[in-house]
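Visitor: What follows is a single structure, and I will ask about it in a moment.
The values are calculated or read from the model by the stated rules, or taken from the named source; none is laboratory data. Because the structure is predicted, anything quoted here is derived from the model rather than measured. Every residue, glycine among them, receives a Cβ derived from its backbone with ideal geometry; neighbour counts consider all protein chains shown.
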Amino acid sequence: MKTKLITAVALVAASSLALAGCATNEGSTTGGGLSGTLTGKGASSQKAAQEKWVADFQTANTGVTVNYSPDGSGAGREAFTAGAAAFAGSDRALKTDEMGAGKFAGCAADSNALDLPVYVSPIAVIYNVEGVKDLTLSPQALAGIFAGTITKWNDPAITATNPDAKLPAAAINPVHRADDSGTTENFTDTMNVLAPSVWTWEADGLWPDGLKGEAATGTSGVVQAVTTGTNMIGYADASQAGELGMAKLLVNGTAQSPTAEAAAAIVDNSPLESGRDANDLAVALDRKAEGAYPAVLLSYAIVCQTYKDSATANLVKSYVGYMASAEGQAAAAEAAGSAPLSASMQAKVKAAIDSVK
């Protein structure tokens, strides 16, 4: 039985899509005293949520146009660093060696960047295998499939956790992201944490060279490849899995489905990374947390602590503040099936965004 995580999110097969506002803002009166154009780029996992956030924010602020291009987390971080985007969507926080005053073209010379959690969602292990309606995988089997050591669907490591499934004696066709992806970084981290003897690579946004599998660009590219192929398996933000099967993962002997509630359990039980500035809210995800679905992405809005341009700062504070608010989180949950940030995390993000200048 598939776990249904979304209410009304259409599958879009285009690999790179600019999410411009749905309303035409020229010549209108600004609802909240704001005006101008705000450009963001980054995580394709946020696509459905960003569509909703953009539409709602522009309805309330009719003098503002928000453009968000879901080209991938790596592209978002690069654009933000170069000053080509006022904020980035990223499925991982900036690493400490990527940060520092003077490294970001759109920020003031003495300003660092801030990582602000805005979107929590499970990463679904999506599959398309004829006759298989339910699939449960141990971390070792999952890692073996993507490492290329398990190559047939009727391998004993898979049949052991699916005794009633009619698994074919067919080759497994895995799909991974071709681009630098925060989803990939979270997915590889999950396999490395839970099955380190099988998945021996450390977490990385770039897929390891030399491994078997089809490469596809963006979340939509992976979903399309799994949908149109035969005996396929891949990984994608659960909000975009559509009608594909989504595997359960065995954690501490319990099969966990990729639900929003199980994803939220990790964030709520994980500490902030040490050694960060007070308003830099990078979370050290505990993928072994009891009752949690381990393959989770926590997606961030990366912003300047201080912008070169005050008008840009005001737009970022208002828009990202809305994204992380109770209202914005509820809107994303409805549109994308994401897990709302807890009230305590919302308060931390509000304090951080209020400090932006």
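Visitor: Based on what the data block shows, is ALA335 assigned by TED's automatic domain parsing to the domain that holds ALA278 and over 16 Å from the mean Cα position of the chain (by Cα)?
Guide: Judged against the criteria, ALA335 is not a match.
Visitor: For the stretch 145-175, how many residues are within 23 Å of GLY218 (Cα to Cα) and either in contact with a helix residue (DSSP H, G or I) (Cβ under 7 Å, 6 or more places away or on another chain) or hydrophobic (A, V, I, L, M, F, W, C) (or both)?
Guide: Looking only at that region, the number is 6.
Visitor: Filter the stretch 51-60 down to the residues that are among the polar types (S, T, N, Q) and farther than 18 Å from ALA326 by Cβ and list them by number.
Guide: Scanning the stretch 51-60 gives a single hit, GLN58.
Residues checked against (1) in the same structural domain as SER90 (by TED's automatic domain parsing); (2) in contact (Cβ under 8 Å) with a residue 40 or more places away in the chain; (3) hydrophobic (A, V, I, L, M, F, W, C):
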{"position": "CYS107", "(1), (2), (3)": "yes, yes, yes"}
{"position": "ALA113", "(1), (2), (3)": "yes, yes, yes"}
{"position": "GLY131", "(1), (2), (3)": "no, no, no"}
{"position": "LEU135", "(1), (2), (3)": "no, yes, yes"}
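Visitor: Cβ-Cβ distance below 8 Å, separation of 6 or more or different chains: which pairs start in the stretch 223-237 with a residue that is within 11 Å of ARG177 (Cβ to Cβ) and end on one that is outside any helix (DSSP H, G or I) and among the acidic types (Asp, Glu)?
Guide: These pairs meet every condition: ALA225/GLU214.
Visitor: Consider GLY205 carefully, then state whether it is surrounded by fewer than 24 Cβ atoms within 10 Å (Cβ to Cβ), within 15 Å of the chain's Cα centre (by Cα) and of a type outside the set (D, E, K, R).
Guide: Yes: the conditions hold for GLY205.
Visitor: Now for a different question. Can you pull out every residue in the stretch 128-147 that is among the small types (Gly, Ala, Ser), more than 12 Å from VAL251 (Cα to Cα) and part of a loop (DSSP other than H, G, I, E, B)?
Guide: GLY131
Visitor: So, one more: Of all residues in the stretch 287-332 being of a type in the set (Asp, Glu) and assigned by TED's automatic domain parsing to the domain that holds LEU116, which is surrounded by the fewest Cβ atoms within 10 Å (Cβ to Cβ)?
Guide: For the stretch 287-332, the residue satisfying everything is GLU327.
Residues checked against (1) assigned to a strand (DSSP E or B); (2) of a type in the set (Lys, Arg):
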site	(1), (2)
ASP277	no, no
LYS288	no, yes
TYR293	no, no
ILE302	yes, no
ALA313	no, no
VAL316	no, no
TYR322	no, no
GLU327	no, no
ALA331	no, no
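Visitor: Scanning for something modelled with pLDDT under 95, farther than 20 Å from GLY182 by Cα and either touching a Cys at 6+ places or on another chain (Cβ under 8 Å) or surrounded by fewer than 15 Cβ atoms within 10 Å (Cβ to Cβ) (or both), does the stretch 244-251 turn up at least one residue?
Guide: Checked the stretch 244-251: no residue is modelled with pLDDT under 95, farther than 20 Å from GLY182 by Cα and either touching a Cys at 6+ places or on another chain (Cβ under 8 Å) or surrounded by fewer than 15 Cβ atoms within 10 Å (Cβ to Cβ) (or both).
Visitor: Suppose we filter the stretch 260-282 for residues that are surrounded by fewer than 20 Cβ atoms within 10 Å (Cβ to Cβ) and modelled with pLDDT of 90 or more; how many remain?
Guide: 10
Visitor: Do the conditions hold for LEU298, that is, is it without any contact (Cβ under 8 Å) to a residue 60 or more places away in the chain, in contact with a Leu (Cβ under 8 Å, 6 or more places away or on another chain) and of a type in the set (A, V, I, L, M)?
Guide: no
Visitor: Also, I was wondering about something else. Could you tell me whether any residue of the stretch 337-344 is over 25 Å from ASN269 (Cβ atoms) and in contact (Cβ under 8 Å) with a residue 12 or more places away in the chain?
Guide: The answer is no; no qualifying residue exists.
Visitor: OK, next. For residues in the stretch 65-109 being in a strand (DSSP E or B) and under 15 Å from the mean Cα position of the chain (by Cα), which is farthest from ILE353 (Cα to Cα)?
Guide: SER69
Visitor: While we're here: Could you tell me whether any residue of the stretch 147-170 is closer than 18 Å to TYR293 by Cβ, touching a residue at least 40 places away in the same chain (Cβ under 8 Å) and surrounded by fewer than 20 Cβ atoms within 10 Å (Cβ to Cβ)?
Guide: For the stretch 147-170, residues closer than 18 Å to TYR293 by Cβ, touching a residue at least 40 places away in the same chain (Cβ under 8 Å) and surrounded by fewer than 20 Cβ atoms within 10 Å (Cβ to Cβ): present.
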